[in-house]
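The values are calculated or read from the model by the stated rules, or taken from the named source; none is laboratory data. Every value quoted in this text rests on a predicted model; they were computed, and no experiment measured them. Side chains are part of the model used for accessible areas, which takes the heavy atoms of the whole protein and leaves out ligands, DNA and RNA. Shrake-Rupley method; radii C 1.70, N 1.55, O 1.52, S 1.80 Å.
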Amino acid sequence: MQSKPPGNPENGQGKNEPIERITAGAHETVDRIADAGHHAADAVSEKGTQLKEAQEEWLKDLREYVNEHPVQSVGIAVAGGFLLSRLLSGR
């Protein structure tokens, strides 16, 4: 009499092996996607922090310029407003 090899569905073993392999693969894929998502979120957060710091630096520099050159600042603001109104009016 021949014995049946382990994992043969006829002897009751290994019936769930394909399902277990698929499940393990799915878990591995989900873990990789979650890890990539965490890395992406960290990168976006870091870039957001860098942009906020750059914005604060530009505002500080702008305030200093306006305090040191008030007349020129008003002239630049008037010229910019005029150009912007011309562009937006469609003429």
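Evaluating Asp31 against the criteria (1) open to solvent by less than 70 Å² (accessible area, probe 1.4 Å); (2) modelled with pLDDT under 95 leaves one unmet condition, (1). Scanning the range 72-91 for residues that are open to solvent by 100 Å² or more (accessible area, probe 1.4 Å), within 35 Å of the chain's Cα centre (by Cα) and closer than 17 Å to Leu62 by Cα yields no hits at all. Residues in the range 54-63 include none that are at pLDDT below 95, assigned to a helix (DSSP H, G or I) and open to solvent by less than 90 Å² (accessible area, probe 1.4 Å). State whether one or more residues within the range 8-22 are at pLDDT 95 or above, open to solvent by 80 Å² or more (accessible area, probe 1.4 Å) and polar (S, T, N, Q). No.
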